[in-house]
Every structure is written in structure tokens, then in C-alpha cells.
1. Within segment 254-276, identify whether any single residue is small (Gly, Ala, Ser) and within 27 Å of residue 308 (Cβ to Cβ), and answer yes or no.
2. Which is over 20 Å from residue 109 (Cα atoms) and out of contact with any Asp or Glu (no Cβ under 6 Å at 6 or more places or on another chain), of 213, 159?
3. Return yes when residue 215 is farther than 20 Å from residue 121 by Cβ and either at pLDDT below 95 or open to solvent by 10 Å² or more (accessible area, probe 1.4 Å) (or both) and no when it is not.
4. Testing residue 49 on (1) in a helix (DSSP H, G or I); (2) in contact with a helix residue (DSSP H, G or I) (Cβ under 8 Å, 6 or more places away or on another chain); (3) open to solvent by 50 Å² or more (accessible area, probe 1.4 Å), one condition comes back false. Which one is that?
5. Is it the case that residue 40 is surrounded by 22 or more Cβ atoms within 10 Å (Cβ to Cβ), touching a Pro at 6+ places or on another chain (Cβ under 7 Å), among the polar types (S, T, N, Q) and in contact (Cβ under 8 Å) with a residue 40 or more places away in the chain?
6. So which residues in segment 143-174 are open to solvent by 10 Å² or more (accessible area, probe 1.4 Å) and either over 17 Å from the mean Cα position of the chain (by Cα) or of a type in the set (Asp, Glu) (or both), if there are any at all?
7. Tell me, yes or no, whether segment 4-16 has at least one residue that is in contact (Cβ under 8 Å) with a residue 60 or more places away in the chain, open to solvent by less than 60 Å² (accessible area, probe 1.4 Å) and over 21 Å from the mean Cα position of the chain (by Cα).
Amino acid sequence: MLIDATQYCNWSRSIFEEMVAGGLCGVQATVAYHENFRDTVDNLVAWNWRFRRHGDLILPGRTADDLERARRTGRTAIFLGLQNPSPIEADIGLVRVLHDLGIRFMQLSYNNQSLLCAGWTEPEDAGLTNMGKQVVEEMNRLGMVVDMSHSGERSTLEAIDLSRRPVAVTHANPSSWHATARNKSDHVLKQLAARRGMVGLSLYPVHLAQGSATTIEDFCDMAARLSDLIGPEHIGIGSDLCRGQPGSVLQWMREGRWRPPLATEREAFEFPPQPAFFRSSLDFAGLGDGLRAAGFAAAEVAGILGDNWHRFMRAAFEPGKDAPPDAAHDAQVGTSRAFDLATDMPAT
């Protein structure tokens, strides 16, 4: 079962045909970056029309059973996610509304400080905010994946520790391989795995050690070293593929509405070329050859290419599954996660 945990392509029938031809049973598709709630609903309306228009190729993903249905019918299940919590605005009630509308993944921050936590570009990372802690609880209750791909180090560690469900980093690589704060430290990755979380290895050139010149051998050797560190069962793929997107979309991803347009009007925004070994969903299955050459066993390859995400999603999407992984966690952070402003908010 092949699963890609992150894509944000210029969605079209040809993109969906590539997914199916590449054997992908599931893809997490980004619905919003900096959009507010109403704009996000517009994006969801567009997805509903895509599901209707291209129903022979794609289907809406809500549960892990949809992955099996997609494989059985020769289609790709599309799981919808948010790369920023801006669509919930300042209203925790919108978490449930968006879950009801099909959102299954949400990052607690993108690059900047959000109402929930700090993004990786912020010079100061104060960790989860009061609202951030309540939102993690609500996401756990509903079965929405807490995604810390773009968050700062402290914020990521606090989310991993607080969440009563395993946390995901859907698209990043080890910073020990490519030293950028956008990637994740070995400490974060070990803590993520210790709490049964998942990391999706990114194929976006900015996250790769040699950029667009990275080879499949480089990438798979990195995966092998990471496997030695955290175990292959915690590794998947989150390609961060942005196929067919114009430079204006890259500017929106980086800046949203918070930076004045005049500040960068002379800057050229252009997506970097993909590495030669991974240019579209058609190349997804080919990663298996590189992983096998790097020393992974057949079952481990199957896990990294999708079975690990399948297992993760089966537990993550089921409502009410909020038992802690071990007794030590209860002793450390307590067993009650009740939404109680009287106890969780500081005194005034």
C-alpha cells in the first residue's frame, strides 16, 4: 500500500492520473496555508467538485478503511490537511467543524508564530500556548492528526509530550543530514518515535542535503541512518510534492498576507526543480529499489512506502482513542485532559 503523507500540487485530472498510475492508495493533500475559515471552506467546496468530477480516480479519505477501498477499486484516497491553524481563527469550536468537513491533519504552526505555537523561523520558541494545549486535546478527541512539520523545536517536543495520540511530522528530514532548522533534530525524532509517532521523509529540494542534485542513493542512505536511530516502523514518505504550481503559490506559502507585497516585489519566486529520481507520483514506487539497495528488508520497504502510514492512520482517525502509551506518561503529565478553563488558564 503506497501512501504519500504530503502533496500540494496544482490539482488536475492529469495529476490524479499520475497518482493512480504510480500506485498510490492514499495522499494527504494540503487544503490551506494562510486562509481563514471562510476561504478554507471555498477550498473544500473545490475538493468536493473534484471528487465528483474525477470519482473514477480519487475518493475522499476519512478513515483508514478508505485506503483499502481505494486500493480495491484502483483509485487514490485523498486525505485533507491544513498546513497552518489559521482556518480555526481564534475559535476552538472550528476544529470540530473542520473535522466534520473532512480535515484529518492540521499543523499547529507554519513558519511563523501562530495562536497555538511557534513556527521554525521564529527567533524565540515559547512552546505551546494555552490555546495550543486545548487544541491538541480537541484534535486527540476527534481523531485529527497533530502535525508538527513546520514548528519550532520546543513547540514540537511539547506537542509530542502532551498529545495522548502519536504525533506526526508529515514532511521533513533529519537536520543531522541537512542542517536547516526546517528539518528535525535527532532529539526530536527520537522523542517522536518513543511516543509511536511518524516522520514522512521529504523530497522537496530545500529539505535535501544536495538540493535538486540529491541522488536516490543519498536519500536512501539517509533513510537507513534514520532507521538505525528510530527504527524503520516510524518512517514513511511525505514528498511535499508541489507539481505544476506557479511561483505565486510559493510566495503565498512563504508569506501569506503578513508581509507587505512591496517588501518582495523584486524577488523572483520559483519552485526548485525536483531531484531526477522523484519528479512526480509516477516515481513513488521506484523509491523501493533505492531502499532495498540501502539494506532495507522487503517488509521494511513496504512499511516506509505506505504500510507504516496505514497503521498510523488506522489508530489516529478513530474517535475517542486517547489512551496514553504507557503508565510513565500518566505519572508525568497526569491523566486528566478535560477542557477546563478554570484550571488550565492562568489566574487573572
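1. Within segment 254-276, one or more residues are small (Gly, Ala, Ser) and within 27 Å of residue 308 (Cβ to Cβ).
2. 213
3. yes
4. Only one criterion is unmet by residue 49, namely (2).
5. The answer is yes for residue 40.
6. 153, 154, 158, 161, 162, 164
7. yes
Residue by residue, here is whether (1) assigned to a loop (DSSP other than H, G, I, E, B); (2) open to solvent by less than 60 Å² (accessible area, probe 1.4 Å) holds:
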{"site": "226", "(1), (2)": "no, yes"}
{"site": "258", "(1), (2)": "yes, no"}
{"site": "275", "(1), (2)": "yes, yes"}
{"site": "289", "(1), (2)": "no, no"}
{"site": "309", "(1), (2)": "no, yes"}
{"site": "318", "(1), (2)": "yes, no"}
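The values are calculated or read from the model by the stated rules, or taken from the named source; none is laboratory data. Source: prediction; values computed, not measured. Because the Cβ atoms are built from the backbone with ideal geometry, glycine has one as well, and the counts that use them run over all protein chains shown. Heavy atoms of the whole protein, side chains included, go into the accessibility calculation; ligands, DNA and RNA do not. Shrake-Rupley method; radii C 1.70, N 1.55, O 1.52, S 1.80 Å.
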